[in-house]
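See below for the structure under consideration.
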């Protein structure tokens with residue numbers, strides 16, 4: 001069974017293979033054949049076989065995680081709260097695809113706004129809400145979920161090509177009745 005050749009440039013030392021560092025992908029192909037029988041057909045005529053490069057395929061440049069990595073506030077930065085008033089992405093956040101969030105009052109059970117109520121999240125991007133949805137429904141978080149220590153889980157959503165960064169999330173409210 002024929003397989004594709006596997007070679008690395010380190011296998012060919014001394015052949016002038018120093019490739020300058022640049023922003024572009026570079027490659028070099030060395031081809032050789034020991035075939036001398038008339039077994040190949042080129043333009044309907046029998047000929048000696050020669051090496052042939054039919055395609056060069058490069059994958060999509062996936063530079064960013066496409067699995068919606070979650071980031072959770074650290075225990076030291078979580079804040080005791082009674083009411084949540086607003087929730088917003090602040091700073092120079094850039095997210096071509098939408099970042100989403102889930103909130104917790106104990107760092108164990110996570111909640112998101114599902115369009116009509118705060119619902120337990122399964123911890124995935126699909127069960128998280130945008131900053132705008134959370135902000136417009138923040139006042140109902142305590143009555144539906146309770147008060148405690150507020151933790152925020154951020155899901156950075158990317159298709160692998162577009163970057164997603166959130167500089168800051170600002171939450172306002174109060175710590176007591």
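The values are calculated or read from the model by the stated rules, or taken from the named source; none is laboratory data. Keep in mind it's a predicted model, so treat the numbers as computed, not measured. Backbone-built Cβ (ideal geometry, glycine too); neighbour counts: all protein chains shown.
Side notes on the structure shown:
- Tally, over segment 77-90, of residues that are part of a strand (DSSP E or B), modelled with pLDDT under 85 and either out of contact with any strand residue (DSSP E or B) (no Cβ under 6 Å at 6 or more places or on another chain) or within 17 Å of residue 156 (Cβ to Cβ) (or both): 1
- Verdict on residue 154 being at pLDDT 95 or above and outside any loop (DSSP other than H, G, I, E, B): no
- Of 107, 67, 137, all but one fail to be over 25 Å from the mean Cα position of the chain (by Cα) and within 25 Å of residue 168 (Cβ to Cβ); the exception is 137.
- Taken together, the residues in segment 119-151 that are part of a strand (DSSP E or B) and crowded, with 20+ Cβ neighbours inside 10 Å amount to 3.
- Residue in segment 91-100 that is modelled with pLDDT of 90 or more and in a strand (DSSP E or B) present: yes
- Where a residue in segment 158-175 is on the phi > 0 side of the Ramachandran plot and its partner, wherever it lies, is at pLDDT 85 or above and exposed (fewer than 12 other Cβ atoms within 10 Å of the Cβ), with Cβ under 9 Å and at least six apart: none
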